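Only one structure is covered here, and it is reproduced in the block below.
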Amino acid sequence: MVLRNMGEKELYTIIKAWENEGIICYFITFEFETGDRQEFMVGADTYGYLVEGDVGKLTFQGKKFLSFERTSI
């Protein structure tokens, strides 16, 4: 598996949840220093861990979220 690390620091995160017929989907959008944005669907545990405005290191593969390491809030 090849991991892509798309930058050491993001400007901010946007966190949102959608509910449809009792199913909740969690999404997090990361904005990079370049202004580019990437949105990922994540599990409830990751959604609960992140806070809007977090800064840190994001690791993902294609459109799949792998991890986020917070460096500051």
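The values are calculated or read from the model by the stated rules, or taken from the named source; none is laboratory data. Because the structure is a prediction, the values reported are computed rather than measured. Here the Cβ positions follow ideal geometry from the backbone for every residue, glycine too, while neighbour counts run over all protein chains shown.
Contact list please: Cβ distance under 8 Å, first residue in the range 17-30 and without any contact (Cβ under 8 Å) to a residue 24 or more places away in the chain, second residue surrounded by fewer than 10 Cβ atoms within 10 Å (Cβ to Cβ) and of a type in the set (D, E, K, R), pairs at least six apart or on different chains.
Close Cβ pairs (under 8 Å, with a partner that is surrounded by fewer than 10 Cβ atoms within 10 Å (Cβ to Cβ) and of a type in the set (D, E, K, R)) amount to CYS25/GLU19.
Consider the range 31-73. How many of its residues are in contact (Cβ under 8 Å) with a residue 40 or more places away in the chain, among the charged types (D, E, K, R) and not in a strand (DSSP E or B)?
2
Filter the range 1-29 down to the residues that are of a type in the set (Phe, Trp, Tyr) and at pLDDT below 85, then identify the one that is surrounded by the most Cβ atoms within 10 Å (Cβ to Cβ).
This residue is TYR12.
Quick one: which residue in PHE65, PHE60, PHE40 is touching a Leu at 6+ places or on another chain (Cβ under 7 Å) and either modelled with pLDDT of 80 or more or small (Gly, Ala, Ser) (or both)?
PHE60
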